[in-house]
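A.B. asks: Mind looking over this structure? Questions follow.
Nothing in this text is a laboratory measurement; each read-out follows from the coordinates by a stated rule. If you're wondering where the values come from, they're calculated on a predicted model, not measured in any experiment. Here Cβ is always computed from backbone atoms with ideal geometry, including for glycine, and neighbour counts include all displayed protein chains.
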Amino acid sequence: MGSTVILQLKKCLRAALPFINQGSPVSLVLPYAKLLQCYRGFNSSLGLRQPSNVNTGQTNVQGGLKKSTSRQRTQELWDRVTDGRGKNCTARIQKAFIPKSVFAAGTAKKTAEMLKRKADFSSGEDHRPDKLARRVTRAEGKLTPPDKPLSVEEWKKLKESLGSPAQFDIQMLSALLYNRAELDIAKSLLTFVATESGTLTYELLLRYLAFCVNGNHDTEVFDVYEIMQMSFPSLDTGACTLFIRSLSRTARWKEAFSILRYLKKVATPSPANYGNIIAAAMLNDDLITAWTLYDELMAMGRIPQQETWSCLFKRVCKEEVKTMSPSEQQKRLLGILLYLRNNQVYPQLSLASSIKTWFESIPGQHWRGTWSSATPKSLCKSCGTELESIQLTDEEYQQLRDTVMTDIIQGRDVFNKTTPEELENFKAFVGMKPAFDVVVDGLNVANINQDRTKLSQTLLAVVSELKLQGLTILVLGRKHMLYPSRSWDKHNMKLIQQKAHCFFTDNISEDDPFLLYATLLSGNHCRFVSRDLMRDHKACLPDEATRRLFFKWQRGHQLVVHGFVALGTRVRFQNITSYDTIIQTSGETWHIPYDDDLEDRSSHEIPQKWLCLTKSH
């Protein structure tokens, strides 16, 4: 919007304000006569209207434990399973590479890339970067914006050359936004629209607002803010968010409060809305306001953005600012770390860097931070501190077992997965057997092999490897596996039943509830073999704390077969870490797992990098 247009528009709006207040709240068009007085130099009058579909504030924002083997013996057995050692094991096997856990950050992405390469190779397709067609987004592909401001006549010719498409102004402004065009080009477009149609719609002004905010044209945002306040009875949540974001970057940051108050009346403000103002308050040394808003956000049960936490750690109270004592500020920041621990939130690298800087800046405490990782023996590579164990305490284990039995094994939908008779038969079967050391999801493990003629052979190889370690094994399967076929060799299935206890469910039943029941009932030492990440079952648990407890148990108990499996060769399993990946402190040290920007971590994965903080004396 040209400077002249802005000044004339503001002058016109003030003159027409009495008429606006009498107008319809749905669609507003400034009085023609009043506009004509203001815009004698224009070929047509300029108006503002709000389409009926614009949001006026109603937008939604977004039984007892069975006796088990001794812990020491069990741990020795599992060490053999994961590191390739066992009876008659050669030195080469003992020193074999131990694959990372299926829960390690980046594993899912690497696996997907590997499978894609295999598929591409099999199909003969060429996916080299120089052969790929350039991807064009919808916003980029619709219109190509000019590289300089245009006159009204030049815009008119451009529009006609494109066939005068509907919503030309909206599409072109979107293209300018996408291409990060110069501000003067967008201004010239609005001057053309005002001259041609005599109207600037709410939608067009909203797009222009987004253009200005994303381009950091905050001075221009001030003018748009004044115009929209005078012209429209309400602003939608998108406009409020943009104004809060822009105003918070300027000396007028306190004006964002009034917008936040308005937003709270019609919708639930987002963590970003709060985060923008918190950052502004911290930047202006108004710590009381920043922490008051933070407490308000937390009371709503919303999770702050990592940028919000980062700004709280970055901005240290100046000595002359008496709004909050250093000890109080330190207490609040340590409270954030405890929140991250209790909710298993992992800081991104930028937040971890802010935490490191803050610790090292605390007067008189002599903290030193280093970037580190953990050894297979649960030790920090930087300071040698032993990290917390992945194993659940007796109390945690009992709590998890009871909850899983109630919500997964005996839940309302359990009989969609099995029958009451089959479940009772399985419970009786488990009750007559010794405590298992490992439970195998037979069908899941067999299907590791894509060769359908070698399913029973694959399962036999895995069971044989576990038996070699002296473990008590339960194999869960389906009844169709007992009928000889190309996939299920009769001799192989007989050998499996000789090496392990076996229970075969109906073909329509789901294996996972049986697997979880047997594993949890056998004791905290018992592990299970499956590629299934159990996300559906974790979602059935009643609260987030129990889901985190289940995930911790799962990471310490799930074995996943690694690589190719063939009968007569050793089977390798992905490594199970013995330490818990969670923020932890001993008082003299802090260890904080964080997300490396180079690792694309899936939701079921955990970081592999650590920030080590030690206090020197």
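A.B. asks: Which of the chymotrypsin sites (Phe, Trp or Tyr not before Pro) across the stretch 552-617 are loop residues per DSSP, with 14 or fewer other Cβ within 10 Å?
C.D. replies: 564
A.B. asks: Show me the trypsin sites (Lys or Arg not before Pro) within the stretch 333-390 that DSSP assigns to loop and that have at most 16 other Cβ atoms within 10 Å of their Cβ.
C.D. replies: 377, 381
A.B. asks: Cα centroids of the stretch 602-616 and the stretch 177-191: how far apart, whole angstrom?
C.D. replies: Here the two parts' Cα centres lie 44 Å apart.
A.B. asks: A further question follows. Starting from the Cα gyration tensor of the stretch 494-590, take the square roots of the eigenvalues, sort them a ≥ b ≥ c, and report rounded, prolate or oblate (rounded when a/c is under 1.5, otherwise prolate if a/b is larger than b/c, else oblate).
C.D. replies: Taking the square roots of the gyration eigenvalues as a ≥ b ≥ c, the stretch 494-590 is oblate.
A.B. asks: Could you compute the net charge surrounding residue 576? Neighbours are other residues with a C-beta less than 9 Å from the C-beta of residue 576; K and R count +1, D and E count -1.
C.D. replies: Neighbourhood net charge equals +2.
A.B. asks: Separate question: Once amide H atoms are built 1.01 Å from N in the peptide plane, which residues 5 or more positions from residue 475, or in another chain, come under 5 Å H to H?
C.D. replies: Under 5 Å from the amide H of residue 475: 440, 501, 502, 503.
A.B. asks: How charged is the neighbourhood of residue 276? Take every other residue with its Cβ under 10 Å from the Cβ of residue 276, and add Lys/Arg as +1 and Asp/Glu as -1.
C.D. replies: Neighbour charge sum, excluding residue 276 itself: +1.
A.B. asks: Looking at the stretch 427-498, which trypsin sites (Lys or Arg not before Pro) are DSSP coil and have at most 13 other C-beta atoms within 10 Å of their C-beta?
C.D. replies: When the trypsin sites (Lys or Arg not before Pro) of the stretch 427-498 are filtered for loop state and at most 13 Cβ neighbours within 10 Å, 486 remain.
A.B. asks: Right, next: On alpha-carbon atoms, Rg over Rh for the stretch 455-506 using Kirkwood Rh?
C.D. replies: For the stretch 455-506, the value is 0.95.
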